[in-house]
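Worksheet: the structure to be examined is printed underneath.
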Amino acid sequence: MGALCRAANISDGAAGGSAESPAISLLLLYIAATLLHGLEIFVLYRYLGFSSTFVRGAAWGMQGFVVLFRGLAIAELCREVFAHYAGIRAFIWRVLAVLVTVVMVLAMVAAMTVWS
């Protein structure tokens, strides 16, 4: 729990967001992207309807940004939490790199498939 508090810069009563805690800024960026994605979906569905192909493309395009920001926030949080453990950090980076590669390949294969 102490490592998470240090990563979140909670120990001194601060809510984070300082220059010393980039994990919180990336986490806030991910939260903002998620909220904007929800707002975008609401507005597009409200005015263009559920069956619009533009809405489908815009929704999945913005979802890509949300997933990107989620990955950056997770990577930065792992870096902050495991900063003092070089071996574990190196292992985690390798695992994350393999997972990102696999997910990207599967996403490209799924994107080429025509869904009906």
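Scanning segment 62-116 for residues that are among the polar types (S, T, N, Q) and in a loop (DSSP other than H, G, I, E, B) gives THR113, SER116.
Scanning segment 21-61 for residues that are assigned to a loop (DSSP other than H, G, I, E, B), touching a Phe, Trp or Tyr at 6+ places or on another chain (Cβ under 9 Å) and either closer than 25 Å to CYS78 by Cα or charged (D, E, K, R) (or both) turns up nothing. Taken over segment 68-88, the criterion of being within 10 Å of the chain's Cα centre (by Cα) and surrounded by fewer than 15 Cβ atoms within 10 Å (Cβ to Cβ) is satisfied by LEU68 alone. Residues in segment 29-62 that are surrounded by 15 or more Cβ atoms within 10 Å (Cβ to Cβ) and under 16 Å from MET104 (Cα atoms): MET62 alone. Of the residues ARG46, ARG6, the single one that is more than 14 Å from the chain's Cα centre (by Cα), modelled with pLDDT of 90 or more and charged (D, E, K, R) is ARG46.
The values are calculated or read from the model by the stated rules, or taken from the named source; none is laboratory data. In this text, all values refer to a predicted model and were calculated from it rather than measured experimentally. All Cβ positions, even for glycine, are placed from backbone atoms using ideal geometry, and neighbour counts span all protein chains on display.
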